[in-house]
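Structure, as structure tokens:
Taken together, the values in this text are just the output of simple stated rules run on the coordinates, not laboratory data. Small disclaimer: the values here were computed from a predicted structure and weren't measured. Because the Cβ atoms are built from the backbone with ideal geometry, glycine has one as well, and the counts that use them run over all protein chains shown.
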Amino acid sequence: MTQAIAIFAGGCFWCTEAVFTKLAGVTHVEAGYMGGHVANPDYKSVCAGTTGHAEAIRINYDPTVISYAQLLDVFFATHDPTQLNRQGNDIGTQYRSAIFPTDATERAEAAAAITRAAPSWPEPIVTSIEGGEWWPAEDYHQNYWVNDGQRNPYCIATIPPKIAKLQAKFGDKLS
């Protein structure tokens, strides 16, 4: 099986992870940190906003089942890319909307996806295209929705509406 990687930041990584794990062709989603200036960041320091990192997800996927462009379309449909440094009640640069391409082709596809998504939003898209080193989040953040999130009021309020958007718009892409 062919494998590729996509890295996105769209607010709380618990919420974005819960969405992308539902897609056919996605084989693994890891929560982590990207785009900052501190080596080996931890959740506390990232949440404090002092490291420059965004909460992000690294998606392993089979591009013969789902394309990078399709993942980008899901990304733009399941979070608000017009909110600068926030998603809902989560405020700070660690919750920014960002795409972290792994090569020039993905960078071009990310720019095209922003253009493609823009007409769907009443305000300008502020999603950045960035680089950086990937840092996995602590173990308790991994697969959070399945393991702990369904007992967390924040997750219960935030994740089901995102999954409903996913099902309504991309039902044919679900596993």
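Quick notes
- Full extension of the chain segment joining residue 126 with residue 38 gains 29.3 nm, where the gain is 0.36 nm per residue of separation less the Cα-Cα distance.
- Averaging Cα coordinates gives a centre for the range 131-166 and one for the range 22-57; these two points are 12 Å apart.
- Net charge contributed by nearby residues that have their C-beta within less than 15 Å of residue 17 (K/R +1, D/E -1): -3
- Cα-based convex hull, the chain, per residue volume (Å³, whole number): 113 Å³
- Mean residue ellipticity (222 nm) of the chain, computed from DSSP H runs ≥ 4 via -39,500 (n - 2.57), nearest 500: -10000 deg cm²/dmol
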